[in-house]
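Read the structure below first, then the notes.
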Amino acid sequence: MVASWPLGAPPTQNGLGDDEWEIATEEFVTIQRNLTVTNFLGAIEYTKLYGGVRGRVRVTDGATLSLRFSPIHLESEQYETTVQFSCTETSPFITPMVEFTPDSRDYREHSFIGREMYGGYELEACVEDGTGYLDQGTAVHLWSE
């Protein structure tokens, strides 16, 4: 593992405790966004980096929570992963890993300025027919081959 970024305390938490992130919107909302400097994460010309999410989740009865992880510097659906949950008891999960560094040394074909040096990701969530909850220890992980 190269790096990990936990969600931490939800924005509505007023003090110490083990509050969960509450997701109650049917439209995807960003719950974590991060920028990286990929040349400090390894020799990107030779080593692939992959990103994914690991944590705990639960939903109210009949609800479905969707969680989407996508690198912001790679422009294709093959570089994002979306998972759905319908577990009413708190359950651990891990998403499929997606490529985080580029396939090629030719970075000019992409519109993200400075793609050879800068990267980042966005973690989004939405829920249908109820409310979803993410543990504050849920984290985005970056792994090397």
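Among the numbered criteria (1) farther than 17 Å from VAL140 by Cα; (2) at pLDDT 70 or above; (3) polar (S, T, N, Q), which single criterion is violated by THR47?
Just one mismatch for THR47, condition (2).
Please count how many residues of region 86-100 are within 14 Å of VAL140 (Cβ to Cβ), out of contact with any helix residue (DSSP H, G or I) (no Cβ under 9 Å at 6 or more places or on another chain) and not in a loop (DSSP other than H, G, I, E, B).
Of the residues in region 86-100, the ones within 14 Å of VAL140 (Cβ to Cβ) are 93-98, 100.
If we keep only those that are out of contact with any helix residue (DSSP H, G or I) (no Cβ under 9 Å at 6 or more places or on another chain) too, we end up with 93-97.
Now narrow it down to the ones that are not in a loop (DSSP other than H, G, I, E, B): 93-94.
Residues in region 86-100 being within 14 Å of VAL140 (Cβ to Cβ), out of contact with any helix residue (DSSP H, G or I) (no Cβ under 9 Å at 6 or more places or on another chain) and not in a loop (DSSP other than H, G, I, E, B): 2 in total.
Within the set of pairs 6+ apart or on separate chains, which have a first residue in region 1-29 that is in contact (Cβ under 8 Å) with a residue 24 or more places away in the chain, a second that is open to solvent by 80 Å² or more (accessible area, probe 1.4 Å) and assigned to a strand (DSSP E or B), and C-beta atoms under 8 Å apart?
Once the first residue is in contact (Cβ under 8 Å) with a residue 24 or more places away in the chain and sits in region 1-29, its partners that are open to solvent by 80 Å² or more (accessible area, probe 1.4 Å) and assigned to a strand (DSSP E or B) give MET1/TRP143; VAL2/TRP143; PRO10/GLU22; GLU26/GLU128.
Could you list all residues from region 113-145 that are part of a loop (DSSP other than H, G, I, E, B) and either open to solvent by 50 Å² or more (accessible area, probe 1.4 Å) or at pLDDT below 85 (or both)?
ILE113, GLY114, ARG115, GLU116, MET117, ASP129, GLU145
The values are calculated or read from the model by the stated rules, or taken from the named source; none is laboratory data. All values derive from a computational prediction rather than experimental measurement. Because the Cβ atoms are built from the backbone with ideal geometry, glycine has one as well, and the counts that use them run over all protein chains shown. Only protein heavy atoms, including side chains, enter the accessible area calculation; ligands, DNA and RNA are left aside. Shrake-Rupley method; radii C 1.70, N 1.55, O 1.52, S 1.80 Å.
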